Every structure is written in structure tokens, then in C-alpha cells.
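The structure appears below as C-alpha cells.
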Amino acid sequence: MLVVGDTGEGKTVVAAAAMEWFNKQGIYVYMFDKQQGYPKWVHNQSSSNIEMKEKNSVLCIDDAHNYFYAGMEEDREDLKALDMINRARRHGGKRSIIYTTQQSTVLSRKLIGMTTFLVFKKSSPMQIEFERPEFQPLFQRANAALKDQSIEIAYVVSTNYEGLLQVDMPKWFTDELSGAPEHYQQGKPKSEGIFKSITGGISSIGKMFG
């Protein structure tokens, strides 16, 4: 799952909501270099030694462009580890990865190639202008759909669904974890119903991941 968009648009909120969804399914949650403020069920994973020992697990990598960038050495151990996790998932494993970035244009192509689930938040004109040509139509389509939408709305492209998605901020999420919460869901209570399709056809994030 790759979450892209401009600064302050709620990318980390989307990742947090996804982590909460996975946790409620009984899936072990890891996070790269976990910072203070996340719940105890989010377990730290060192970015210098990717293991994900729990077979039924998910790893969140916030600001992935800081770790996996275009032009990085193909033999780097962390990239090998991500490739191994991806192969395990394809062959019956239950490991998943959540990436967020505001600089998708500099992400490693190998990492992008592992992605099967895209979540777009509003992007700046400059982001779209300098995006990879093959990505630009998706960014343009997402931005057009999100133009008049509030900040809790995202645009999803996956195997089973393409359209708008409401992403409510988890109750435990705080301003210290992201720049978005201070203007996220203005005046609205934080919700247990984390993901909700507002386009129709899909009723749960599980079906989208499926």
C-alpha cells in the first residue's frame, strides 16, 4: 500500500488508520523507527535491519523516500529484505507493507513495483508536473476527484476498487504524530469506523485489500 500526496494532507493519518485496521484483524504491526505517541501494539522495526519475524504482520514506513530512493544500490540489504517480504506475500505469506511519501518521484522503481494498492491525497501542481509520466494520469485523475473534497477523503486505486474513500482519524492519533490533525475533520469526532467507501460498490477496506 502506497500513500502519496502533499504535505499536511493526512498521509500519515491514512497509514495510522490502516495500521489500526490491521491490528483489529489480529495482525502484528511494525513501524520503521517508531516515534513516541503510537500505541503499544505498534512495534518498532529498525530501518537498518528489516526482519518482520511475525509471519502474519504489516510494516509501516512513513516518509519512505528517505529510505528507498531512485538510484539506490540494488544490492542494499534493506531493499533485499523488502523484496524477500514481497515474495513471501506472493507465495502464501501474510506480510504487508504500508509506505507514505510526498516525493513519489524519487522513490525506488523496485519499491513502486511491489505496490498493489495506491491511496492518493491531494497533490500540489509541482508534484504532478515532475511525477513519472506513467504516474501522471493517476495523479491527475485523483486530484480532479479530490478537488472539492474535505481532508478526510482520499482516492484509492486497487485491484478491486477505484474511487473516493473516507478515512477517519484514529482516536489515539495526535498532533505530534503529523501536521494534518490540527485541520483534519474540523469539528468532527474521531471515529472507530476508520474506512468508508463513499463512491459505492465496496463497503470495507478488507475487500479492497483482498
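Since every read-out is calculated from the coordinates, none of them should be taken as a lab result. Source: prediction; values computed, not measured. Heads up, the Cβs are rebuilt from the backbone with ideal geometry, glycines too, and the neighbour counts pull from every protein chain shown.
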Query - Linear extension gain, Arg109 paired with Lys147, 0.36 nm per residue minus alpha-carbon span - result: 10.9 nm
Report task. Give, as a single signed number, the net charge of other residues whose beta carbon lies under 9 Å from the beta carbon of Asn56, with Lys and Arg counted +1 and Asp and Glu -1. Result -> +2
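Computed from the mean reciprocal separation of all distinct C-alpha pairs, what Kirkwood hydrodynamic radius does region 117-168 have, in Å? Can you show the working numbers first?
Values: mean 1/r = 0.0889 Å⁻¹.
By the Kirkwood definition, the hydrodynamic radius is 11.2 Å.
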Query raised in the report: With each pseudo-label sitting 7 Å past Cα toward Cβ, what's the Thr174-Gln140 distance in nm, one decimal?
Result: 4.4 nm
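On a 26 Å Cα-Cα criterion, which of the cross-link pairs Lys34/Lys94; Lys55/Lys121; Lys24/Lys110; Lys40/Lys171; Lys24/Lys121; Lys53/Lys122 come out too long?
Details: Lys34/Lys94 21 Å; Lys55/Lys121 30 Å; Lys24/Lys110 30 Å; Lys40/Lys171 14 Å; Lys24/Lys121 24 Å; Lys53/Lys122 35 Å.
Listed pairs above 26 Å: Lys55/Lys121; Lys24/Lys110; Lys53/Lys122.
If I take R0 = 25 Å and measure r between the Cβ atoms of Asn160 and Ile27 in this structure, what FRET efficiency does the formula 1/(1 + (r/R0)^6) give, to the nearest 0.05?
Working: r = 19 Å, r/R0 = 0.76.
Calculated transfer efficiency: 0.85.
By the scheme Lys and Arg +1, Asp and Glu -1, what is the net charge of all other residues having a beta-carbon under 13 Å from that of Gln149? Walk me through the numbers before you get to the answer.
Working: positive: Lys121, Lys122, Lys147; negative: Glu9, Asp148, Glu152.
Once all neighbours under 13 Å are counted, the net charge is 0.
Please work out how much length the chain gains when fully extended from Thr7 to Ser48, using 0.36 nm per residue of separation minus the C-alpha to C-alpha distance, in nm with one decimal.
Working: separation 41, 0.36 × 41 = 14.76 nm, distance 2.57 nm.
Here the segment from Thr7 to Ser48 would lengthen by 12.2 nm.
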